[in-house]
Structure formats: structure tokens, C-alpha cells
Amino acid sequence: MVKILKSSKSDDLKAIQRFLLEGFLSSQIRHPNIVRVSDYGGFYEQGEYYIEMEDLGNSNLKEWSKQ
């Protein structure tokens, strides 16, 4: 799963910093109940930023809680 910073925020330096900080801090967490972040960064020339997370499948929280 990939989280992408909205293109409307790609010129907002504070939004970019918060997004990349989220990626960095999330990648440091190791807990069975928290999704793992495997990569984060951006294509700086294009103004595109991403956070790559483990794929939990096509289930949603409501379906998962019934298991």
C-alpha cells in the first residue's frame, strides 16, 4: 500500500516536512498491531512524495474485527 502526498500540497514546505517526518517515525516503529512502513521519500523534481506500507489485503477494520 502506498500513501501519497496530495499534489496540491507539493509546494507546501511544512506539509512536505510533516509527511516525510511521518514516514521516518513510522518506519522506526515495530509492533504487531501497527502497519510496517518499508520505504518513504519522494521524486523531488516532480514534487511527488510517498510512504510505502505493508499490504494488509482487501479487508477493512469492520471485517478484520469479526475474525
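Values as computed for the structure displayed
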| item | result |
| --- | --- |
| Unique match (being out of contact with any Pro (no Cβ under 9 Å at 6 or more places or on another chain), of a type in the set (Lys, Arg) and exposed (fewer than 10 other Cβ atoms within 10 Å of the Cβ)) among Lys62, Lys6 | Lys62 |
| Residue satisfying condition, being touching a strand residue (DSSP E or B) at 6+ places or on another chain (Cβ under 7 Å) and either open to solvent by 60 Å² or more (accessible area, probe 1.4 Å) or in contact (Cβ under 8 Å) with a residue 12 or more places away in the chain (or both), within set Leu13, Leu20, Leu25 | Leu20 |
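The values are calculated or read from the model by the stated rules, or taken from the named source; none is laboratory data. A quick note: this is a predicted structure, and the numbers were derived from the prediction, not measured. When we count neighbours, we look across all protein chains shown, and the Cβ atoms used for this are built from the backbone with ideal geometry, even at glycine. Remember, those area values only see protein heavy atoms, side chains included, never the ligands or the DNA or RNA. Shrake-Rupley method; radii C 1.70, N 1.55, O 1.52, S 1.80 Å.
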